[in-house]
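The values are calculated or read from the model by the stated rules, or taken from the named source; none is laboratory data. Bear in mind that the values here come from a model prediction, so they are computed numbers and not experimental data. For neighbour counting, all protein chains shown are included, and Cβ atoms are generated from backbone atoms with ideal geometry for every residue, glycine included. Side chains are part of the model used for accessible areas, which takes the heavy atoms of the whole protein and leaves out ligands, DNA and RNA. Shrake-Rupley method; radii C 1.70, N 1.55, O 1.52, S 1.80 Å.
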Amino acid sequence: MKIWKKIILVVLIILSAAAYSYGEWPRAIYDTDVSSSVYENSGELTEGMVFEQRFVCSDEGFCGLKVKLTKLDHLKIGVYSWKIQETESGTIAGSGMIDESMTENKIFESASALKRGNIELDIPDQKGSEGKEYLFTIEAKDVEPEETMAVYLTNKSGNDSFLKIGEEDSNQVGVIKLRYHRFNYETFIVFLGIMTYLAVFIKFMYRLFR
């Protein structure tokens with residue numbers, strides 16, 4: 001009976017680790033060691049300007065972006081279109097609009113400098129995304145001079161990201177995280193290691209004070 005209890009416990013731990021490890025896992029294309037207090041911005045994105053960010057996916061299951069924006073000193077922003085395109089095939093992975101409604105939430109207006117200004121853009125899960133280059137663009141569609149916005153910029157985390165704002169190339173990168181829907185093996189192993197440690201520790205303490 002004790003053996004069956006142990007087997008059931010091990011199975012439950014493995015299933016719990018697997019459930020916890022499967023989900024959405026973001027990865028930044030920028031240097032996360034740089035403080036958010038020194039982020040710059042792209043400058044206002046006016047009519048006719050296009051924000052173009054190229055990046056290479058490091059994992060499977062690419063499913064969208066987290067982008068850090070600023071409304072500058074404006075009360076609201078106009079309407080911008082966005083698009084994510086696989087550069088080699090030209091396939092459009094997803095597209096949509098960014099407008100004032102996307103800024104009307106607790107996260108965008110958060111007191112935390114890390115969370116403030118973030119929006120999420122969703123696309124269908126991309127099979128075979130690992131190693132592929134994508135192009136993310138933002139373009140003003142219906143924007144008055146007092147309704148412009150900007151994207152926060154900072155240092156790159158590698159050499160596989162390229163940014164162009166209007167006609168100007170930039171040596172910086174947008175404060176953007178790539179979202180992946182996948183099984184995280186690193187988290188799975190760490191979770192199992194922690195649970196194993198706890199099990200051994202509890203067993204040791206039980207024998208010590210029995």
Completion exercise
Pairs returned, first residue in region 23-38 that is farther than 13 Å from D59 by Cβ, second residue that is open to solvent by less than 60 Å² (accessible area, probe 1.4 Å) and polar (S, T, N, Q), beta-carbon separation under 6 angstrom, 6 or more apart or interchain, are Y30/T154; V34/T154
Practice task
Consider only pairs whose beta carbons are under 6 Å apart and that are at least six residues apart or on different chains; among these, list those whose first residue lies in region 169-189 and is farther than 21 Å from D33 by Cα and whose second residue is at pLDDT 75 or above and open to solvent by 70 Å² or more (accessible area, probe 1.4 Å).
Solution key: H181/D125; R182/E60
Exercise for the section: Within region 53-66, identify whether any single residue is crowded, with 16+ Cβ neighbours inside 10 Å, β-branched (V, I, T), within 30 Å of G193 (Cβ to Cβ) and in contact (Cβ under 8 Å) with a residue 40 or more places away in the chain, and answer yes or no. Expected result: no
Exercise for the section: Looking only at region 37-76, count how many residues are of a type in the set (D, E) and over 29 Å from P124 (Cβ atoms). Expected result: 4
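Residue-by-condition table, conditions (1) crowded, with 16+ Cβ neighbours inside 10 Å; (2) part of a strand (DSSP E or B); (3) free of Cβ contacts under 8 Å to residues at least 24 places away in the same chain:
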{"site": "W82", "(1), (2), (3)": "yes, yes, no"}
{"site": "E88", "(1), (2), (3)": "no, no, no"}
{"site": "K106", "(1), (2), (3)": "no, no, yes"}
{"site": "S110", "(1), (2), (3)": "no, no, yes"}
Fill in the blank from the handout: Restricting attention to region 35-58, the residues that are within 18 Å of the chain's Cα centre (by Cα) and part of a helix (DSSP H, G or I) number exactly 1
